[in-house]
1. Can you give me the number of residues within segment B:79-88 that are within 15 Å of the chain's Cα centre (by Cα), facing chain A (nearest Cβ under 8 Å) and assigned to a helix (DSSP H, G or I)?
2. Name the one entry in B:GLU102, B:GLU127 that is assigned to a helix (DSSP H, G or I), within 13 Å of chain A (Cβ to nearest Cβ) and surrounded by fewer than 23 Cβ atoms within 10 Å (Cβ to Cβ).
3. Suppose we filter A:ALA373, A:ALA395 for residues that are in a helix (DSSP H, G or I) and closer than 30 Å to B:GLY52 by Cβ; which single one remains?
4. Which of the residues belonging to segment A:298-334 are among the hydrophobic types (A, V, I, L, M, F, W, C) and away from chain B (no Cβ under 14 Å)?
5. Working only within segment A:134-169, note down all residues that are surrounded by 17 or more Cβ atoms within 10 Å (Cβ to Cβ), small (Gly, Ala, Ser) and either within 28 Å of A:ALA87 (Cβ to Cβ) or outside the structural domain of A:ALA114 (by TED's automatic domain parsing) (or both).
6. Give me the pairs: first residue in segment A:377-399 and within 12 Å of chain B (Cβ to nearest Cβ) and touching a residue at least 40 places away in the same chain (Cβ under 8 Å), second residue among the hydrophobic types (A, V, I, L, M, F, W, C) and assigned to a loop (DSSP other than H, G, I, E, B), beta-carbon distance under 8 Å, and six or more apart or on different chains, which are they?
7. So A:LEU356 passes all but one of these: (1) hydrophobic (A, V, I, L, M, F, W, C); (2) surrounded by fewer than 21 Cβ atoms within 10 Å (Cβ to Cβ); (3) in a helix (DSSP H, G or I). Which condition number does it fail?
8. Within segment A:225-232, identify whether any single residue is among the hydroxyl-bearing types (Ser, Thr, Tyr), closer than 22 Å to A:SER128 by Cα, touching a residue at least 40 places away in the same chain (Cβ under 8 Å) and surrounded by fewer than 15 Cβ atoms within 10 Å (Cβ to Cβ), and answer yes or no.
Amino acid sequence: MLIRDICRLSFSALVDQRLRSFLTILGIAVGIASVVLLTSIGEGVQRFAVAEFTQFGTNLIGINPGKATTLGTSGAIINNVRPLSIADEEALRRIPGVINTVSVLQGNGPVEFAKRSRRTTILGVGPSAADVWQIKVVKGRFLPEDDSQAARSFVVLGSRVKKELFRDANPLGQIIRVAGERYRVVGVMESKGQMLGFDLDDAVYIPTVRAMSLFNQQSLMEIDILYRSGLQSKTIAEKVRKMLKSIHGAEDFTITTQEEMLQVLGSVLGVLTLAVGGLGGISLLVGGVGIITIMTIAVNERTPEIGLLRAIGADRGQILLLFIGEAVVLAGIGGMLGLLVGAGTAWILGELVPGLPTYTPWSYALYAELMAAGIGLLAGVLPARHAAGLNPVDAIRAE
Amino acid sequence: MISLTGISRVFTVGDEQVYGLRDVDLEITTGEYVSIMGPSGSGKSTLLNMIGLLDKADSGRYLLEGEDMTGLDDSRQADLRRHKIGFIFQFFHLVPRMSAAENIELPMILAGLPSSERKKRVQGAIEAFGLTNRARHRPDELSGGQRQRVAIARATIMRPHILLADEPTGNLDRVSGKEVIDILEDLNRQQITLLMVTHDPELGRRAKRQIHMVDGRIESDVAQGPFREKEPKKNHEAN
């Protein structure tokens, strides 16, 4: 028997029971659609989150002062955490494999130009921040490589601040007041958007040492290290730990590697995607049970036909193929329909709700279709085996 | 051609064992026209199904064209049914969702014949059986006689050697019945062995050889001259 004929016979049997076939197909379609839709959302969220985290580069290690540990002494503990200093940063820069470092100090204050004033984030950063964080300067340049202890009072504006203070006017060379002090604008950053609720566009960048004196801070809030790609983040982190421990005498700092964060994030989101996909899988299972039900009914109804086919020369294998073929065609069409509906809904959702990122990988579509066909196969086997096992003489007499 | 020796078939009904066939011996040669008669439950249909390889004997030997059928597996049996045997039933057993032409094509699909060959043969059969303007009709749009003609076309499309008819006119009026019998007898004249189970004594008498069954046994096996002969010669065959 030719495969084309099996398909044709299966199809004609399904067309003959249009409504029933349609409803069964619908069951599988809903299952596949929900799997595709939910995994699309899961995958979209995952990609979104990873993109958010990696927009400042992946070969980053962050160092913050203080160590999150609980000591066994009760009562008041003398805080002997040493601040992270610019000297620490310069020492770290000498570690082999480290390309660059950025010192960070963050505060809040008013930024004024002419009659306009805006309260915004003030970031005290080293001159290499633009390179390390991969933020482009669209106008002018970033903070110059001045003596880190006596940097000139230059400021670089985030795109939002520039827009609010200067509108369309050229800000370069203008003097603005940052928390009361005079700064000359040397550059404007590209729009980078929000990252975990922190708006990088609504910020101004000034040299670290100036920010320290502005906010009267002894310690940096963070040192970011950019290391050569290809190196293990662990080895670099270990070197950093050793060096800082030898300077500070104790481990009074916390090291966070981007890679670690990404790994944790990736695995958490991966499990999440799997979980929502599994939820969709339940409805797929229900669709599969629908196929078993309908095929069992079909075999019962068509018992005389099965007897006849046996009489005119069909062996058990052919009967099995015919009924499995019907189940697979049902599931296959359902899968195709579900894929269209699922991917379509995901796309429409992504377009209509900007906050909800969706992404349908085409490999998922293939898996979904294979899964549908597999379910058809599994669901078809039981009724088809029953059909093939019927005694031809009894079958042909059945009413 | 067909040779049965000591064939028995036992059915288990509840706790009881019922004999469908008891120790049946039968020889049928190519081109014979045999009618099988007897009361209900006498084993006529069981014998027919046995010969048609739809049923298996519990004991005994069945040779079809010299080949032993006793121990054949399912797919070989199906293959022989496809190529050597044609079945015709009282209730036609056409597939209701398929047109007359598609029903006739079905055995060739199972045999895996190429589409062009199938079309050619179907066309020939439709013309031969006078179904030219009914080919696209479904069984429920056909008269009883037309349905049985479709069924005969389907049974003979693979050019079998043996035609097994189980009450082929049992569900037809006299005129259609006569028509169907004429077709079957015409096929028999073309050297197809014809075995026909019937309740109708008048129909049974038309066959050159008449077998009467009672309780799973062959009670009498009478061969007579060409039909229409008024006084049949009692000529018992002992095989």
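The values are calculated or read from the model by the stated rules, or taken from the named source; none is laboratory data. In this text the structure is predicted, and so the values were computed from the model without any measurement. Glycine also receives a Cβ, built like all others from the backbone with ideal geometry; neighbour counts cover every protein chain displayed.
1. So the count comes out to 3.
2. Just a single option satisfies the conditions, and that option is B:GLU102.
3. After applying the criteria, what remains is A:ALA395.
4. A:VAL299, A:PHE323, A:ILE324, A:ALA327, A:VAL328, A:VAL329, A:LEU330, A:ALA331, A:ILE333 - these are the residues of segment A:298-334 that are among the hydrophobic types (A, V, I, L, M, F, W, C) and away from chain B (no Cβ under 14 Å).
5. Within segment A:134-169, just A:ALA151 meets the criteria.
6. Hits for this filter: A:PRO392/B:LEU54; A:VAL393/B:LEU54; A:ILE396/B:LEU54; A:ILE396/B:PHE89.
7. Looking at each condition in turn, A:LEU356 falls short on (3).
8. Within segment A:225-232, one or more residues are among the hydroxyl-bearing types (Ser, Thr, Tyr), closer than 22 Å to A:SER128 by Cα, touching a residue at least 40 places away in the same chain (Cβ under 8 Å) and surrounded by fewer than 15 Cβ atoms within 10 Å (Cβ to Cβ).
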